[in-house]
Amino acid sequence: MAIDYQKIKNWPFPEVEQSYTWKDSALYALGVGFGHDPMDERMLRYAYEENMLAVPTMPVVLATPGFWVKDPDSGVDWVKVLHGEQSLVLHRPIPVSGRVTSRNRVSAIVDKGAGKGAILVNERTLVDADSGETLATIESLTFARGDGGFSETEGNGPRGGDPSPTPKPAAPDTEPDLVCDLPTLPQAALIYRLCADLNPLHADPKVARAAGFERPILHGLASYGVAGHAILKTCCDYDPSRLRSIGLRFSGPVFPGETLRTEIWRDGDRVQFRARVLERDRIVLSHGIAELN
């Protein structure tokens, strides 16, 4: 069963509502490494209820539509999908607790060709359910490795599908202006999975080995949160209102307990970055770009 272009572009996402408390905000903060130094009071404000702040990357786990491509009606070969890129635009600081709703849509489907896969771009708008104010716009790019060539069937969408999203820029070929090393806890995946993603790949050694990994890996969105932490620390002085947007490409797996070094190039309010695992000297996050207020 191939992707049906019109069906996916008009996928009937229900509106998702979620209520969350300061404990949920603290759990997310701990899952992406805040509090690894319990004496750092700037970091502590994200994990302790007194004068608390919400981590600005937390919208990625709020009111999510779930793993919708696993629905047989989608026609997507879900076993072969990979999370390719993640972007977030913040319209205002995220409340520590509250009630939010999300509206989801597939904004683009790109056909890379038979045997080359397809790209699905999902857009989620996060709204404060009480005030009606838009909090964030979240964009996820999924690489559906088994679904290329769908547009070669007559009448199944435009040839090639939709235009490809504008590519994120690669990091400059110069020494970074700033470097931020942040550890991940050995139990980081076990903490983070309680925020949104219960995929056993991140918890069960047997499942991880079956997938070709020596042990459970950290969620991609958890490493995204660690990079966001690095930008928040080095470029925003831990002030969440100063982070306007952050996006990146996932380039490799991270194992819980490894140290992420975020290398940062700053040009005014524009930041480029990438992250490598120090223990293996491997780039795991690339094409990072953030905008500051």
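Descriptive notes on the structure:
- Neighbourhood net charge (11 Å Cβ-Cβ; Lys/Arg +1, Asp/Glu -1) for PRO172: -3
- Cβ crowding within 10 Å averaged over residues, with 102-109, 193-200 ranked highest first: 102-109, 193-200
- Lys, Arg +1 and Asp, Glu -1 on Cβ, resulting dipole of region 178-292 about Cα centre, debye, nearest 20: 240 debye
- Shown here for region 30-88: chymotrypsin sites (Phe, Trp or Tyr not before Pro) in loop regions (DSSP other than H, G, I, E, B) with at most 12 other Cβ atoms within 10 Å, namely PHE67.
- Exposure proxy ranking, count of Cβ atoms within 10 Å, fewest first, for ASP204, ASP239: ASP204, ASP239
- Each Cα pair under 8 Å and six or more residues apart adds its separation to the average, and for the chain the resulting relative contact order is 19 percent.
- Altogether, the Stokes-Einstein calculation at 37 °C and 0.692 mPa s, with the Kirkwood radius of region 5-152 over Cα pairs as Rh, returns a diffusion coefficient of 195 µm²/s.
- Per-residue HN-Hα couplings for region 140-151 [Karplus 6.51, -1.76, 1.60; θ = phi - 60°; Hz; x = Gly/Pro]: 10, 10, 10, 9, 8, 5, x, 10, x, x, 5, 7
- For region 82-159, GluC sites (Glu not before Pro) meeting the loop criterion (DSSP other than H, G, I, E, B) and having at most 16 other Cβ atoms within 10 Å: GLU133, GLU154.
- Axis of helix 22-31 versus longest Cα principal axis of the chain: the two differ by about 80°, to the nearest ten degrees.
- Residues TRP22, TRP265, ranked from the fewest to the most other C-beta atoms within 10 Å, line up as TRP22, TRP265.
- Placing one equal scatterer on every Cα of the chain and applying the Debye formula, the log10 ratio I(q)/I(0) at q = 0.10, 0.11, 0.14, 0.16 Å⁻¹ is -0.54, -0.66, -1.08, -1.39.
- Note, ³J(HN,Hα) from phi for region 116-124, Karplus 6.51, -1.76, 1.60, rounded to Hz, x at Gly and Pro: 10, x, 9, 10, 10, 10, 10, 10, 10
- Lysines with Cα under 29 Å of LYS7, excluding same-chain neighbours fewer than 8 positions away: LYS70, LYS80, LYS112, LYS116, LYS168
- Rounded tilt (10° steps) of 220-236 against the dominant C-alpha axis of the chain: 40 degrees
- Euclidean distance between Cα centres, region 266-281 to region 153-230, Å: 15 Å
- Which of ILE289, ILE94, ILE246 has the fewest Cβ neighbours within 10 Å, and the rest in rising order: ILE289, ILE94, ILE246
- Set against the 2.2 N^0.38 Å expectation for a compact globular protein, region 178-292 has a Cα radius of gyration ratio of 1.08.
- Sparse-neighbourhood loop sites, trypsin sites (Lys or Arg not before Pro) in region 230-293 - DSSP loop, at most 16 other Cβ within 10 angstrom: ARG280
Every read-out reported here was derived from the displayed coordinates using simple, explicitly stated rules and does not represent laboratory data. Not measured: the values here are computed from a predicted model. Here the Cβ is made from the backbone with ideal geometry for all residues, glycine too, and neighbour counts use every protein chain on show.
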